[in-house]
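Student: Sharing a structure, written as structure tokens. Questions coming.
The values are calculated or read from the model by the stated rules, or taken from the named source; none is laboratory data. Computed from a prediction, not measured in an experiment: that's the story for all the values here. Positions of Cβ are backbone-derived with ideal geometry, glycine not excepted, and every protein chain shown enters the neighbour counts.
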Amino acid sequence: MRRVQPGAALVLPLLGATSLGLFPSPHGQEDLFTSNDPIEFVLEADWNQLDGDRGLESEERPGRVLWTGPDGRKTAIPIQVKTRGFFRLQRSTCFSPPLRLNFPGEGTEGTVFQGQDKLKLVTYCRDRDNYEQNVLEEYLAYRIYNLLTDISFRVRLARITYVDSRGEDDPVTRMGFLIEDEDAMAERLGGRIMDVPGAPASHFQQDQAALMYVFQFMIGNTDWAVLQFHNLKALGVGPEYFPVPYDFDWSGLVDAPYAGPNPKIASVIDNVRERLYMGMCNDAIDYPAVYARFDEEREAILALPRSVPEISEGNQQTAVRYLETFYEIIDSDAAARRQIQDACRR
């Protein structure tokens, strides 16, 4: 087993930056993403109308969030709902595509949505248990990255009842999760989202980039790219830039029915459960320190699958075993060098 030198993780000062006091929360108040307890709400809209919104430039449609507080008080919040995404937006992939919920400036007081603006919602895709399990597994991927660094999108699990405002379709209740708004994430970290289509890997803070590279390898994800900002946002904090990944449904950890390897490397691996390191080469990366960061969170990461509500026992075991195989790689100097360091992309 790899022996972590005392203080080795301190080589990476920007991993978990908020906890080190570098990027303090602007208000320090409770909000939607300060708890990991699942919430419940009703989402009402014209689902027939939204089902027709399968283009990349979809319209906002009226809807409501019906929220019952801990005290039993019921609140109806008028919102705007629109479809989003690309692959999951296609009807052949998902009957229920991902959504964006646009909350009003007023009317959310006293609810868990107070202060929220635009939120991405990851839905159940298809009304089948295996697809719902995939949603929970993607939520797990976000939570793992949250453990490794605060420079990440926070998420909140939710049990959502989808109600047709026309009264024609039966309600559907499934697990989903909400994703922190990118501007709210940037404000929390004292930075800004960069409005650029892409950038060379060398422009990012190298320690944070290395953490992201190894995390993507850990979950078996090849559906991302730095140069074109595919499933990646760039966060600017002062003079430095940090990659913030999202959308992990094509990862081996999730293993969705529709997922496959990145077409550019499909000749190298046969399925998403096979790991392939996609990180860019950089001689300045201190890989032992990066591995030390993952090792610090090993116990918490391996415990996470069993803490996510509604994940089946079989899928919990599969997730834990998949994560353990990653740790077997970084525990071996030879395997880590072969599969990660020497496999970097030039």
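Student: Does V172 satisfy the criteria of being out of contact with any Lys or Arg (no Cβ under 8 Å at 6 or more places or on another chain) and within 28 Å of Q49 (Cβ to Cβ)?
Tutor: On the way: out of contact with any Lys or Arg (no Cβ under 8 Å at 6 or more places or on another chain): yes; within 28 Å of Q49 (Cβ to Cβ): yes.
Considered against the rule, which asks whether it is out of contact with any Lys or Arg (no Cβ under 8 Å at 6 or more places or on another chain) and within 28 Å of Q49 (Cβ to Cβ), V172 comes out as yes.
Student: Please list, ordered by first then second residue, the pairs with beta carbon atoms under 6 Å, 6 or more apart or interchain, first in segment 124-135 and over 16 Å from P171 (Cβ atoms), second in a loop (DSSP other than H, G, I, E, B) and acidic (D, E).
Tutor: none
Student: Also, I was wondering about something else. Can you name every residue in segment 318-336 that is surrounded by fewer than 18 Cβ atoms within 10 Å (Cβ to Cβ), touching a residue at least 60 places away in the same chain (Cβ under 8 Å) and of a type in the set (G, A, S)?
Tutor: Result: S332, single match.
Student: Could you check, for segment 132-145, whether at least one of its residues is assigned to a helix (DSSP H, G or I), in contact with a Lys or Arg (Cβ under 8 Å, 6 or more places away or on another chain), β-branched (V, I, T) and surrounded by 16 or more Cβ atoms within 10 Å (Cβ to Cβ)?
Tutor: yes
Student: Could you list all residues from segment 206-230 that are surrounded by fewer than 20 Cβ atoms within 10 Å (Cβ to Cβ) and in a loop (DSSP other than H, G, I, E, B)?
Tutor: L227, Q228, F229
Student: K233: part of a helix (DSSP H, G or I), assigned by TED's automatic domain parsing to the domain that holds F217, of a type in the set (K, R) and surrounded by fewer than 19 Cβ atoms within 10 Å (Cβ to Cβ), yes or no?
Tutor: On the way: part of a helix (DSSP H, G or I): no; assigned by TED's automatic domain parsing to the domain that holds F217: yes; of a type in the set (K, R): yes; surrounded by fewer than 19 Cβ atoms within 10 Å (Cβ to Cβ): yes.
Taking the combined requirement at face value, the residue does not satisfy it.
Student: Could you count how many residues in segment 75-98 are exposed (fewer than 14 other Cβ atoms within 10 Å of the Cβ), at pLDDT 95 or above and either out of contact with any Pro (no Cβ under 9 Å at 6 or more places or on another chain) or in the same structural domain as D223 (by TED's automatic domain parsing) (or both)? Walk me through it before giving the result.
Tutor: So the first thing to find is which residues in segment 75-98 are exposed (fewer than 14 other Cβ atoms within 10 Å of the Cβ), and the list is 76, 78, 86, 90-92.
Filter once more, so that each one left must be at pLDDT 95 or above: 76, 78.
Restricting the remaining residues to those that are either out of contact with any Pro (no Cβ under 9 Å at 6 or more places or on another chain) or in the same structural domain as D223 (by TED's automatic domain parsing) (or both) gives 76.
The number of residues fulfilling the criteria is 1.
For every residue, the table says whether it meets (1) in contact with a helix residue (DSSP H, G or I) (Cβ under 7 Å, 6 or more places away or on another chain); (2) closer than 30 Å to F294 by Cβ; (3) surrounded by fewer than 16 Cβ atoms within 10 Å (Cβ to Cβ); (4) modelled with pLDDT under 80.
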site: L15; (1), (2), (3), (4): yes, yes, no, yes
site: G21; (1), (2), (3), (4): no, yes, yes, yes
site: S25; (1), (2), (3), (4): yes, yes, yes, yes
site: L32; (1), (2), (3), (4): no, yes, no, no
site: R61; (1), (2), (3), (4): yes, no, no, no
site: G72; (1), (2), (3), (4): no, no, yes, no
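Student: May I ask you to list the residues in segment 260-309 that are surrounded by fewer than 18 Cβ atoms within 10 Å (Cβ to Cβ), modelled with pLDDT of 95 or more and among the small types (G, A, S)?
Tutor: Within segment 260-309, A300, A303, S307 meet the criteria.
Student: Checking the conditions here, which among D164, D170, D223 is of a type in the set (D, E, K, R) and outside the structural domain of E138 (by TED's automatic domain parsing)?
Tutor: Values: D164 fails: outside the structural domain of E138 (by TED's automatic domain parsing); D170 fails: outside the structural domain of E138 (by TED's automatic domain parsing).
After applying the criteria, what remains is D223.
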